[in-house]
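Below is one structure, written out as structure tokens; comments come after it.
The values are calculated or read from the model by the stated rules, or taken from the named source; none is laboratory data. Here the structure is a predicted model, which is why all the values come from computation and not from measurement. Virtual Cβ from ideal backbone geometry, glycine too; neighbours counted across all protein chains shown.
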Amino acid sequence: MKSKKPSEQEIDAIVVSEANDDSKWTKPVLVHPKKSVPVFLTPKTAEKLKNAARKQHVKDYHKWVNKIVEQHLTDRV
């Protein structure tokens, strides 16, 4: 006899009940993408970023923007 698949609510309840139990989780996996992904900005936003980079005495604003985004995401995760 087949067992019934748990509902989405039942799965959510299990996950929530085990969320703070470290023994239920595996080690985190770090992922390092091999390729960069393009980010499209409006010309106005790109110009603002270039100006902000200039004020910071940054020559390559692309690298500077990448660094800022990485820092922001690292702080949030």
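Take Lys4 and decide whether it is modelled with pLDDT of 85 or more and exposed (fewer than 10 other Cβ atoms within 10 Å of the Cβ). Give the steps one after another, and end with the answer.
Details: modelled with pLDDT of 85 or more: yes; exposed (fewer than 10 other Cβ atoms within 10 Å of the Cβ): yes.
In short, yes.
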Total residues in segment 1-50, condition in a loop (DSSP other than H, G, I, E, B) and either in contact with a strand residue (DSSP E or B) (Cβ under 7 Å, 6 or more places away or on another chain) or of a type in the set (A, V, I, L, M) (or both): 8
Within segment 26-65, which residues are exposed (fewer than 10 other Cβ atoms within 10 Å of the Cβ) and among the aromatic types (Phe, Trp, Tyr)? Phe40
So which residues in segment 51-71 are in a helix (DSSP H, G or I) and either of a type in the set (Asp, Glu) or on the phi > 0 side of the Ramachandran plot (or both), if there are any at all? Glu70
